[in-house]
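The structure under discussion appears below in the form of structure tokens.
The values are calculated or read from the model by the stated rules, or taken from the named source; none is laboratory data. Please read all numbers here as calculations on a predicted model, not as lab measurements. Cβ sites come from the backbone with ideal geometry, for glycine too, and all protein chains shown count toward neighbours. What goes into the accessible areas is simple: the full protein's heavy atoms, side chains included, and nothing from ligands, DNA or RNA. Shrake-Rupley method; radii C 1.70, N 1.55, O 1.52, S 1.80 Å.
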Amino acid sequence: MPDDKPASIRDRLIDALMALAAERPFEDIAITDIARRAEVSLADFRDAFPSKGAVLAGFNRRIDRAVLDGASDSLDGEPAKERLFDVLMRRLDAMAPYKDAIAGVMKWARREPIEAAALNRETLNSLRFMLEAADLHAEGAAGAVKLQGLALAWGRVLDTWIDDREEEQSATMAALDKELTRGANLVARVDDLHRLSAPLRNIFRAALEGPRAFG
């Protein structure tokens, strides 16, 4: 049975932004352009999102939702790398209809360092949930290093994915497999360093706490 539920204003604005991003440079898209394409008033736009960047963040959360809603326990018991590979491939599948728009956003971000930093924060938030969907975690200082490493690796995978027009996505899958193998080696080194530095961290913490640590 088809879903004839009307799209929300937020969804219409997200769809409009991504359609425009596939047609023209991202920096040339104004809030008014998005509102017109979505057939939404500027007042309703303002109620839904505070900025164009917030609409883009809304798209990112839409993709997060699609992946997380599709999570299952079918890979329980499989190695961590296989679980994360499956989650990230499902993310790419959800992103596929917007490939041209995403390519445009990536080009724009490379020209705008400040905007790239904001996008990196959104990416880190998304990847944190992708790790959780794979029953992996990124908490604490060591987790932050792992998460940023995954974000950099994800960017390299996206570069391959953008150019990969084959239905089988073999080049993308090979790139993702390579990056996750490299990442597993990095995670092992981070975990080793975190474990070896634990005594020093305890001493430093005790020094900061002063006499209370011994009272």
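Within the set Glu78, Glu27, Glu23, the sole residue that is closer than 25 Å to Val157 by Cα and in a helix (DSSP H, G or I) turns out to be Glu27. Taking the conditions (1) at pLDDT 95 or above; (2) of a type in the set (A, V, I, L, M, F, W, C); (3) farther than 17 Å from Arg156 by Cα in turn, Ala134 satisfies each one other than (1). Residues that are in contact with a helix residue (DSSP H, G or I) (Cβ under 8 Å, 6 or more places away or on another chain), closer than 21 Å to Gln169 by Cβ and surrounded by fewer than 19 Cβ atoms within 10 Å (Cβ to Cβ) within segment 79-89 comprise Lys81, Met89, listed in sequence order.
A count restricted to segment 38-57 and to residues that are in a helix (DSSP H, G or I), crowded, with 18+ Cβ neighbours inside 10 Å and over 22 Å from the mean Cα position of the chain (by Cα) stands at 2.
Of the numbered criteria (1) open to solvent by 60 Å² or more (accessible area, probe 1.4 Å); (2) more than 13 Å from the chain's Cα centre (by Cα), the one Glu132 fails is (2).
Would you call Arg62 open to solvent by 20 Å² or more (accessible area, probe 1.4 Å), within 16 Å of Asp11 (Cβ to Cβ) and touching a residue at least 12 places away in the same chain (Cβ under 8 Å)? Criteria met by Arg62. Residues of segment 65-78 that are of a type in the set (A, V, I, L, M) and either open to solvent by 60 Å² or more (accessible area, probe 1.4 Å) or touching an Asp or Glu at 6+ places or on another chain (Cβ under 7 Å) (or both): Leu68, Leu75. Within segment 28-80, the set of residues being under 23 Å from Pro97 (Cβ atoms) and of a type in the set (D, E, K, R) comprises Asp28, Asp33, Arg36, Arg37, Glu39, Lys52, Arg61, Arg62, Asp64, Arg65, Asp69.
Criterion first (under 27 Å from Phe26 (Cβ atoms) and not in a helix (DSSP H, G or I)) does Arg165 satisfy it? Yes, satisfied.
Return a yes/no flag: does segment 93-100 have any residue that is open to solvent by less than 30 Å² (accessible area, probe 1.4 Å), assigned to a helix (DSSP H, G or I) and of a type outside the set (A, V, I, L, M). Yes, segment 93-100 has at least one match.
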